[in-house]
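The values are calculated or read from the model by the stated rules, or taken from the named source; none is laboratory data. None of these values were measured; they are calculated from a predicted model. Quick reminder, even Gly has a Cβ in these numbers, built from the backbone with ideal geometry, and neighbours come from all protein chains shown. Surface areas here come from the heavy atoms of the whole protein model, side chains and all, with no ligands, DNA or RNA. Shrake-Rupley method; radii C 1.70, N 1.55, O 1.52, S 1.80 Å.
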Amino acid sequence: MHRKAYVLLLVTTLLWGGNAVAGKLAVGHVSPMTLVFFRWVMAVIILLPIGGRAFIEDWPIIRRHLILLLVLGACGFSLFNVIFYAALNYTTAINVSIEQASMPILIIVANFLFFRLRIGWLQALGVLLTIVGVVLTASHGDPSQLLKLNLNFGDAIMLVAVVLYSGYSVGLRLKPALQWQSLMLALSIAALVVSVPFFVWEVASGTAIFPDPAGWAITLYTALGASVISQLTYIRGIELIGANRAGLFINLVPIFGTLLSILILGEDFHVYHAIALALVFGGIWLAEHGSRRSAA
């Protein structure tokens with residue numbers, strides 16, 4: 001069970017790391033809110049033939065939990081990305097990466113407050129190591145750069161995004177017993193509905209860039225890889241090992257994003273990248289070792 005969860009969560013974070021690269025490639029080819037909107041249009045189109053029948057079968061359950069599913073889809077699927085793109089207009093990628101690294105901590109705190117789930121000292125040490133790895137990557141191997149960071153409006157709204165996704169991760173404990181096809185379709189429809197006003201605002205403001213051929217290719221990746229497949233593997237990973245342990249893998253996202261940028265965008269590889277990767281994987285291993293020992 002654990003190995004399956006690890007594979008699923010590695011796939012999740014690799015695809016999310018690819019989403020960061022897709023965001024860089026999207027500049028000039030499709031605007032942020034337009035990308036979010038068409039991303040979920042495509043996701044729903046992909047999922048309809050897969051989950052349409054299951055959705056109809058599960059409709060009585062979906063209807064009873066409509067508000068919960070709408071909130072989960074909004075927070076985890078749509079609003080996080082909308083705020084993420086908006087934050088990058090005001091703050092730096094370094095700030096955003098470090099702020100994302102707080103997600104595992106928020107997930108652990110929320111699980112304790114609402115469900116009284118505790119963690120051991122090895123798990124806490126593992127979380128700390130993964131954060132150090134993220135900081136090392138974000139600061140380009142020079143943590144002293146953190147002293148020069150200026151917090152601004154972008155950082156404030158990015159923290160809102162972090163809280164929303166942490167809440168989504170914890171809230172998945174409350175999801176109704178649905179077939180995975182209908183669950184994914186319901187959450188994707190919710191994400192699409194929530195993305196509409198942001199898309200309309202971008203068009204009305206005259207800042208929308210509709211996808212060109214490269215933009216459509218990027219949008220398809222974000223829909224299939226960074227939305228459908230990754231969200232499915234993340235949900236399943238949480239089901240197998242819980243949000244506390246699954247959330248720790250989120251700190252692989254900036255690491256994988258950096259490595260993919262090196263491979264795809266030709267950015268330089270440095271020793272600190274290898275050290276950061278070792279720290280994050282080491283932290284995850286330590287936390288997992290501690291959690292398994294506590295369960296024994």
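Quick notes
- Test result for residue 125, within 19 Å of residue 252 (Cβ to Cβ) and in a helix (DSSP H, G or I): yes
- One residue stands out in segment 259-278 among those that are in contact with a Ser or Thr (Cβ under 8 Å, 6 or more places away or on another chain) and surrounded by fewer than 23 Cβ atoms within 10 Å (Cβ to Cβ): the one that is modelled with the lowest pLDDT, namely 267.
- Among the candidates 182, 205, 230, the residue that is open to solvent by less than 20 Å² (accessible area, probe 1.4 Å), farther than 16 Å from residue 19 by Cβ and among the polar types (S, T, N, Q) is uniquely 182.
- Meets criteria (under 30 Å from residue 219 (Cβ atoms), open to solvent by 60 Å² or more (accessible area, probe 1.4 Å) and without any contact (Cβ under 8 Å) to a residue 24 or more places away in the chain) for residue 143: no
- Segment 94-117 - residue that is modelled with pLDDT under 75 and of a type in the set (Val, Ile, Thr) and, of those, least open to solvent (accessible area, probe 1.4 Å): 96
- Every residue from segment 128-140 that is modelled with pLDDT under 75 and either of a type in the set (Gly, Ala, Ser) or surrounded by fewer than 13 Cβ atoms within 10 Å (Cβ to Cβ) (or both): 138, 139
- Within segment 234-244, the set of residues being open to solvent by 20 Å² or more (accessible area, probe 1.4 Å), out of contact with any His (no Cβ under 8 Å at 6 or more places or on another chain) and assigned to a helix (DSSP H, G or I) comprises 236, 239, 244.
- Any pair with Cβ under 6 angstrom, 6 or more apart, that starts in segment 42-54 at a residue that is in contact (Cβ under 8 Å) with a residue 60 or more places away in the chain and ends at one that is small (Gly, Ala, Ser): 42/223; 43/188; 43/223; 43/227; 44/188; 47/188; 51/182; 54/182
- Which listed residue, of 117, 106, is in a loop (DSSP other than H, G, I, E, B) and either hydrophobic (A, V, I, L, M, F, W, C) or over 17 Å from the mean Cα position of the chain (by Cα) (or both): 117
- Residue in segment 19-29 that is assigned to a helix (DSSP H, G or I) and in contact with a Phe, Trp or Tyr (Cβ under 6 Å, 6 or more places away or on another chain) present: yes
- Assessment of segment 61-77 against the conditions (touching a Lys or Arg at 6+ places or on another chain (Cβ under 8 Å), open to solvent by less than 40 Å² (accessible area, probe 1.4 Å) and either over 20 Å from residue 249 (Cα atoms) or in a helix (DSSP H, G or I) (or both)) yields at least one matching residue.
- Conditions (1) open to solvent by 10 Å² or more (accessible area, probe 1.4 Å); (2) aliphatic (A, V, I, L, M); (3) not in a helix (DSSP H, G or I): number failed by residue 83: (3)
- Of the residues 52, 23, the single one that is within 15 Å of the chain's Cα centre (by Cα) and surrounded by fewer than 21 Cβ atoms within 10 Å (Cβ to Cβ) is 23.
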